[in-house]
1. Considering (1) open to solvent by 20 Å² or more (accessible area, probe 1.4 Å); (2) modelled with pLDDT of 95 or more; (3) β-branched (Val, Ile, Thr), say which one Thr202 fails and leave the rest.
2. Output the number of the condition that Ala312 fails; it satisfies all remaining conditions of (1) within 24 Å of Gly198 (Cβ to Cβ); (2) part of a helix (DSSP H, G or I).
3. Pairs needed: first member in the stretch 366-380, free of Cβ contacts under 8 Å to residues at least 40 places away in the same chain; second member anywhere, surrounded by fewer than 20 Cβ atoms within 10 Å (Cβ to Cβ) and basic (Lys, Arg); C-beta distance under 7 Å; at least 6 residues apart or different chains.
4. Residues that are in the same structural domain as Leu290 (by the TED database), touching a Lys or Arg at 6+ places or on another chain (Cβ under 7 Å) and either outside any helix (DSSP H, G or I) or of a type in the set (Lys, Arg) (or both): does the stretch 225-234 have at least one?
5. How many residues are in a helix (DSSP H, G or I) and at pLDDT 90 or above if we restrict to the stretch 361-381?
6. State whether one or more residues within the stretch 311-328 are closer than 30 Å to Lys532 by Cβ, open to solvent by 40 Å² or more (accessible area, probe 1.4 Å) and among the acidic types (Asp, Glu).
7. Out of all the residues in the stretch 123-179, which are assigned to a loop (DSSP other than H, G, I, E, B), hydroxyl-bearing (Ser, Thr, Tyr) and at pLDDT 85 or above?
Amino acid sequence: MPSTRSQTQAAIDFPRRKQPRTPVAPAGACRDATSNPTRVTLLPLSPGEKVLPLSPRKRLGDDNLCNIPQSLPCSPTKQSKKENELLSASHKGRCLFFSEQPTTESPGKRKNLVPSPLHKRQETPRSSERSRLIKEPVCNQLFKQESTCYQQAKSVLHTAVPDRLLAREKETDTIRRFLKEHVCGEKPGSLYISGAPGTGKTACLSRILQDFQNELPGSKTIVLNCMSLSSSQAVFPAIAEQMGQQGASKVAGRDLVRKLEKQLTAEGTPMIVLVLDEMDQLDSKGQDVLYTVFEWPWLIGSRLVLIGVANALDLTDRILARLQARPKCKPQLLNFPPYTKEQIASILQERLRQVSGDQVLDSTAVQFCARKVSAVSGDARKALDVCRRAIEIVELDVRSQTVLKPLPGCKSPTTSASVSPVPRRVGLPHISQVISDVYGDRMALGNGGTSDSFPLQQKILVCSLLLLARQLKAKEVTLGKLHEAYSRVCRQQQMAAVAHSECLSLATLLESRGILALKKAKEARLTKVSLKIEERDVEHALKDGVLVGNILAGGRL
């Protein structure tokens, strides 16, 4: 029987480790395998087939299948036209949040990609067209804060030093002339700036000093807020520290004053501009601190220019009466009057014009706020606070009524309206609500009509202060004298009076209500107390009660 093995094919000898299971072979092949168990027989190949090396590295040219452009063997099957339409439709209907861009590719695109060892994947025209369809505008976004306009309006209604000061051109020119005359001319002098709170004293001075930094070469500026000092005598160590004296706090008071005077009059010392804000806090026994500070510019060879800022208009006349006897020590006076309604309205409108788009506040609301604030105090900061508070009320109301919804005019996730629309403007009722909370009848009862909001002991303390101020013909009284008057009123009405410590607590509560003003001192009994509202308003509010009305009607302590 002839052999079925090809005569041209060679046999490969290698050791056999395990007897594999082989399929059933022809009878001749079985006999040959049985006769030589250590040899493996290879079946013949067809003449058309070509033998390829087992390792891909040994394949050359076209034999290497990796260099032949063809579809990947694991590529998914091409989808039909209907399936592609359904897929793209599902992407278009997808809701994206926070301007999310679709990044996943369609599985059908991979059929159109050609792998190459030199280039990365390139999209075919068909796949790029499909990607443009997928990147259609998505208008369903989480609600973007429509309160952006409110935030911008609140940011411009700040109470910090503005870039431009309105309605204070005259006062600004006076301060500039004073600085040029005394600092640039190296001539010592003093200036006292007075005015009610919120009239722009500190803001004007701060802006001018910032502008004069380049115009005042070789000078030194020292700015101190006397409210931050623990006592009136603490102003001397603070000045010495700013002038470069080390260990000034350890030097005795009189010695430190002499060292400061020696340094201020020394030759070669640059001109020193000393600004004392809230100067009335330097009030002391005999007013020694204030007299000493005002006499410094007039020492022989002095290099000091003093600028004092306070609320009291008559501080130099009423408290520093001895300055009248020495005319050369008397400072130049500059008063900042309260803002008028036209000035406050112009300030508010100029600030709101900095916000692009529609105005958040109605013009009638601005005019109403200006009239009310100018009639009460003329405080520009209070007008800014009222408008900002009214904007916050409307903003909270809009936020509470707004739910998730598409933005108006949305055309793409990346493009949005440059200016957010104003959902609701701040009108006259909102301004009126805030003003009633700020300037309302602070002596009135609460909404419930009970007297718990304003206890009887606090009312008696206010009556005692009113009677004592009339008797002494003074706006400020010490807490010790006020407690004595309060105790006498309680004895007359056969009521129990609170102790001195509790009287200070009552005065602090009244200060938080905006009725009293307290000026702290080292000793509690020396704390100065004054009324912050008009006396006629206090009388009108307190005469409603029978007991308090009788106290005021008696008029005696």
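The values are calculated or read from the model by the stated rules, or taken from the named source; none is laboratory data. What you see is a predicted model, and the numbers here were worked out from it, not measured in a lab. Here the Cβ is made from the backbone with ideal geometry for all residues, glycine too, and neighbour counts use every protein chain on show. Protein only, heavy atoms only, side chains kept; ligands, DNA and RNA dropped before computing areas. Shrake-Rupley method; radii C 1.70, N 1.55, O 1.52, S 1.80 Å.
1. With respect to (1) open to solvent by 20 Å² or more (accessible area, probe 1.4 Å); (2) modelled with pLDDT of 95 or more; (3) β-branched (Val, Ile, Thr), Thr202 is out only on (2).
2. Failed condition: (2).
3. Ala370/Lys341; Arg371/Lys341; Ser374/Lys341
4. yes
5. Total satisfying the criteria: 11.
6. Yes, because at least one residue in the stretch 311-328 is closer than 30 Å to Lys532 by Cβ, open to solvent by 40 Å² or more (accessible area, probe 1.4 Å) and among the acidic types (Asp, Glu).
7. Initially, the stretch 123-179 is screened for residues assigned to a loop (DSSP other than H, G, I, E, B), giving 123-124, 135-147, 157-168.
Restricting the remaining residues to those that are hydroxyl-bearing (Ser, Thr, Tyr) gives 124, 147, 159.
Thr159, the sole residue that qualifies.
Per-residue answers, yes or no, for (1) free of Cβ contacts under 8 Å to residues at least 60 places away in the same chain; (2) within 20 Å of Phe294 (Cβ to Cβ); (3) charged (D, E, K, R):
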| position | (1), (2), (3) |
| --- | --- |
| Arg207 | yes, no, yes |
| Asn214 | yes, no, no |
| Gly218 | yes, no, no |
| Cys226 | yes, yes, no |
| Ser230 | yes, no, no |
| Gln233 | yes, yes, no |
